[in-house]
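Take a look at the structure below.
The values are calculated or read from the model by the stated rules, or taken from the named source; none is laboratory data. Owing to the predicted nature of the structure, the values given are computational and were not obtained by experimental measurement. We place every Cβ from the backbone using ideal geometry, glycine too, and count neighbours over all the protein chains shown.
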Amino acid sequence: MIFDICQQVASHFDMEVHSFDELDSSNDFAKQNTSAQSKDALIHCRRQPAGRGRRGRGWDDNGDESQLFMTLRLKLDSPPQPIATPIVGRMLAEALEAQGLEDVSIKPPNDIYLGTQKTAGLLCEAVSEGPHHHFLVGCGLNVLAAPGDFGFVSQQIPVDKDRFRELLTHFVSGVLSARGDLTQSRLSETHCDRLRELLIRHPGTEFLDIKSDGSLKTALETVHWSDL
């Protein structure tokens, strides 16, 4: 199901699609196969035994094909900025909310939660060659925690092709619509307002506010999102 829907969504947005049963890392494949002429693409696989999280942390599949591993490759006019990662996080959170899921939150720098359970992780990277720039959005999403569940959620929401297609389409559409924002040095007021809400909603969060430059305020200090 996941395999077919990724191909359909890529076709809908006129993106290249690269489908594999297994990749060590979809982000690594994207980086190794990106050139100045590369267009937007969706790379996905059923299994990812050597996936990478932020700062080289492991990001492994659980072996039962209940997870989505993919990378979106976007062509940009200028280099992506540090505020790009929280923007992408917002888009994924809103795609989950659009499916009626409640208590969606973000745990900086790159985790999406439903209630107290992590349901997705992001790894955003830049590839530049002279004046040519690409932005890679790696995403690992827990699609099935157990038969009949949608992600790691307590709500019993059945997985079907239409709902998963809607979720993935919403996410890809959101990232594409924010393409111009990814190269800006500051977050818009709309981004700040939405991210603030998603941050504060996370259980046990220490973050009280987010500023337009991507800095996060706690009770004791201010730290930039990209430094976490």
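A few notes on this one:
- Contact map, segment 200-212: first residue over 23 Å from THR119 (Cα atoms) and hydroxyl-bearing (Ser, Thr, Tyr), second residue at pLDDT 95 or above and assigned to a helix (DSSP H, G or I), Cβ cut-off under 8 Å, separation 6 or more or different chains; pairs are SER212/GLU189; SER212/CYS192.
- The residue that is surrounded by the fewest Cβ atoms within 10 Å (Cβ to Cβ), among those in segment 73-120 that are in contact with a helix residue (DSSP H, G or I) (Cβ under 9 Å, 6 or more places away or on another chain) and among the polar types (S, T, N, Q), is SER78.
- Test: residue in segment 112-128 that is farther than 27 Å from PHE164 by Cβ, touching a strand residue (DSSP E or B) at 6+ places or on another chain (Cβ under 9 Å) and not β-branched (Val, Ile, Thr): yes
- Unmet requirement for LEU187, which otherwise passes all of (1) at pLDDT 95 or above; (2) outside any loop (DSSP other than H, G, I, E, B); (3) more than 11 Å from the chain's Cα centre (by Cα); (4) surrounded by 17 or more Cβ atoms within 10 Å (Cβ to Cβ): (2)
- Qualifying positions in segment 160-184 - part of a loop (DSSP other than H, G, I, E, B) and at pLDDT 95 or above: ALA178, GLN184
- Within segment 14-40, being closer than 21 Å to SER173 by Cβ and out of contact with any strand residue (DSSP E or B) (no Cβ under 8 Å at 6 or more places or on another chain) holds for one residue alone: ASP14.
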